[in-house]
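Data first, discussion second: the structure below is written as structure tokens.
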Amino acid sequence: MYTGHERQSYRMTQRQRWMYRSCLLGVLFAVIAFTAVYWYFNIKSRIPNELVLFQDRIENIDFGIPFTQVRVDQAEAEVAQVSIDHSRKVGKQIQFSMAGPLAVSAQKCGSMQGEVRLFGVIPCKKITIDIRKEAKVMPVGNAVGLYIHSDGLMVLGTGKIPVSKGNEKMPSYNKLQTGDYIYEVNGQPVVTIQDVSKAIQKNGAEKVILGVKRDSAKIKIKISPVQAQNGTYQIGAWLREDTEGIGTLTFVTEENEFAALGHGITDADTELLIRLQNGGLYPAGIDHVVKGKNGTPGQLAGFVQLGTENKLGDIRNNTSLGITGVISNEQYQFQEDKSCAVGCKQDVKKGKASILCQLGDKVQEYEVEIEKINLSSEDNKGMEIHVTDPELLKKAGGIVQGMSGAPLLQDGKCIGAVTHVFVRDVTRGYATFLENML
């Protein structure tokens with residue numbers, strides 16, 4: 001008698017074998033498809049939307065992107081007198097690879113449109129090659145005061161007005177929008193919140209006509225003020241006047257034009273970019289640095305010396321990539337012996353770099369590490385940097401508020417500016433490419 005465990009064998013039917021193999025093939029094809037899609041978008045993200053070249057300067061470019069070729073119109077290349085190593089003519093186009101190092105130069109300013117193709121066949125991305133006049137800048141790094149006169153009174157939102165016990169009204173609801181700018185009341189210009197209040201009190205319960213800037217349009221809005229419990233007439237809108245703060249001056253050009261911050265000045269409540277009427281740049285002193293720690297970024301604490309006699313320059317533009325304007329104070333104007341060349345996206349490398357910033361009485365240079373580079377970035381987050389300098393870590397803990405605009409240097413060129421700190425890790429943050437700020 002057999003007392004051991006009987007072993008049972010199992011045989012798949014032909015249909016089961018076919019289904020099993022089909023499943024394996026399906027999984028294999030899915031993995032291949034996912035890998036191909038991931039690879040395609042990874043390659044695409046590494047290709048810049050714009051390539052900046054400087055006139056009469058040889059650029060040594062190494063994108064290191066395999067299987068990619070760029071085609072540009074031969075006529076456009078001839079007008080700009082562009083020379084590209086290892087390029088060849090294909091019909092009426094010039095073709096070159098992005099896989100290896102290239103020496104590129106152009107003798108005339110202009111712009112070319114190119115198309116990037118995978119394996120020279122599959123259209124992947126459009127690229128603009130922008131040829132500019134050779135640029136020099138004077139990196140600064142000084143803390144400065146910024147005073148912005150907004151283009152009207154910014155509407156932060158609308159609210160309820162208590163008119164009697166238990167009763168509330170919202171006269172501006174669905175009429176005014178967050179981000180609107182009120183520039184006149186009943187045809188009269190207004191500059192301050194007090195101007196608006198006086199005009200409404202004078203008008204009483206009659207409808208007021210507000211001149212409002214919304215996006216790029218000017219519109220008229222009629223609102224009936226209500227009398228609040230305290231006896232004043234109100235329209236139920238939260239308004240904001242001018243804005244001031246401390247930031248870092250990034251650079252000054254040979255024409256004494258400046259750029260600062262690397263990001264726009266936004267309203268603290270709405271996070272909307274403030275529409276600029278005019279503004280001024282003023283000296284700032286740093287009393288002390290509130291040291292940052294993970295979860296709580298630090299900040300530069302100081303004072304701004306306002307007044308016409310202290311003005312360093314005029315702010316002309318407030319954009320998502322920083323503020324720009326003209327320097328009038330001679331001490332802050334361009335100095336050749338303190339200038340350096342501008343480094344473009346293709347010049348930036350992972351590894352050691354430095355920033356200039358003011359944490360006390362003077363500007364100092366501190367070491368950082370460039371950890372990530374996003375060549376396709378068009379915003380102010382093209383690079384990720386890590387503060388490695390022991391002195392800066394001891395003084396500030398890393399990147400602090402007010403340091404935005406600190407110029408970023410590498411290999412003797414000014415390549416960018418600090419823009420943001422990572423809240424979760426204050427030793428790290430973002431920087432923008434300098435070419436975005438020019």
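Summary table below
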read-out	value
Label assignment, Rg/Rh (Cα atoms, Kirkwood Rh) derived from the structure, set (1) 0.97; (2) 0.99; (3) 1.14	(3)
Nearest-ten-degree value, helix 193-203 long axis tilted from longest Cα axis of the chain	50
Calculated FRET efficiency for the pair Ala268/Lys350, C-beta based, R₀ 41 Å, to 0.05	0.75
Between 0 and 90°, nearest 10: helix 14-46 axis offset from the chain longest Cα axis	50
Rg in Å to one decimal, and Dmax rounded to a whole Å, for the range 326-438 via C-alpha atoms	13.8, 41
For the chain: relative contact order, % (alpha-carbon pairs under 8 angstrom, 6 or more apart)	15
Inter-centroid distance (Cα atoms) of the range 215-272 relative to the range 394-438, Å	25
DSSP-loop trypsin sites (Lys or Arg not before Pro) across the range 365-438, with at most 15 other Cβ within 10 angstrom	Arg424
Cross-link pairs Lys293/Lys395; Lys349/Lys381; Lys92/Lys345; Lys44/Lys413 - those with Cα-Cα distance over 21 Å	Lys92/Lys345; Lys44/Lys413
Paramagnetic reach from Asn294 in the range 405-438 [backbone N under 16 Å; point 7 Å along Cα→Cβ]	422-429
Rg over Rh, two decimals, the range 32-189 (C-alpha only, Kirkwood Rh)	1.29
Label-point separation, Lys372 to Trp18 (7 Å along Cα→Cβ), nm	4.9
Phe303, Phe54, Phe34, reordered so the largest accessible area comes first (probe 1.4 Å)	Phe34, Phe303, Phe54
Centroid-to-centroid separation of the range 284-325 and the range 18-76 [C-alpha atoms, Å]	41
Accessible surface of Phe119 - all protein chains present, 1.4 Å probe, nearest 10 Å²	120
For the range 239-285: span of alpha carbons on each principal axis (Å, largest first)	39, 22, 18
Length-normalised contact order of the range 1-150 in % [C-alpha pairs under 8 Å, at least 6 apart]	25
In the range 226-306, the GluC sites (Glu not before Pro) that fall in loop regions by DSSP, at most 13 other Cβ within 10 Å	Glu254, Glu255, Glu271
Whole-Å distance, taken between Cα centres, linking the range 346-377 and the range 93-132	28
Only Lys, Arg (+1) and Asp, Glu (-1) charged, at Cβ; the range 72-192 dipole about Cα centre in debye	260
Neighbour net charge for Asn278 - beta-carbon separation under 15 angstrom, K R +1, D E -1	-2
Helix-only mean residue ellipticity at 222 nm for the chain, each DSSP H run of n ≥ 4 adding -39500 (n - 2.57), per residue, nearest 500	-4000 deg cm²/dmol
Gyration tensor (alpha-carbon) shape descriptor, the range 129-204, a/c threshold 1.5	prolate
Cut-off 10 Å between beta-carbons: net charge of the residues surrounding Glu367, Lys and Arg +1, Asp and Glu -1	-3
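The values are calculated or read from the model by the stated rules, or taken from the named source; none is laboratory data. The shown structure was predicted, so the numbers you read here are calculated from the model rather than taken from an experiment. In this analysis, Cβ positions are derived from the backbone assuming ideal geometry, glycine residues included, and neighbour counts consider all displayed protein chains. When the accessible area is computed, the model is the full protein with side chains, heavy atoms only, and any ligands, DNA or RNA have been set aside. Shrake-Rupley method; radii C 1.70, N 1.55, O 1.52, S 1.80 Å.
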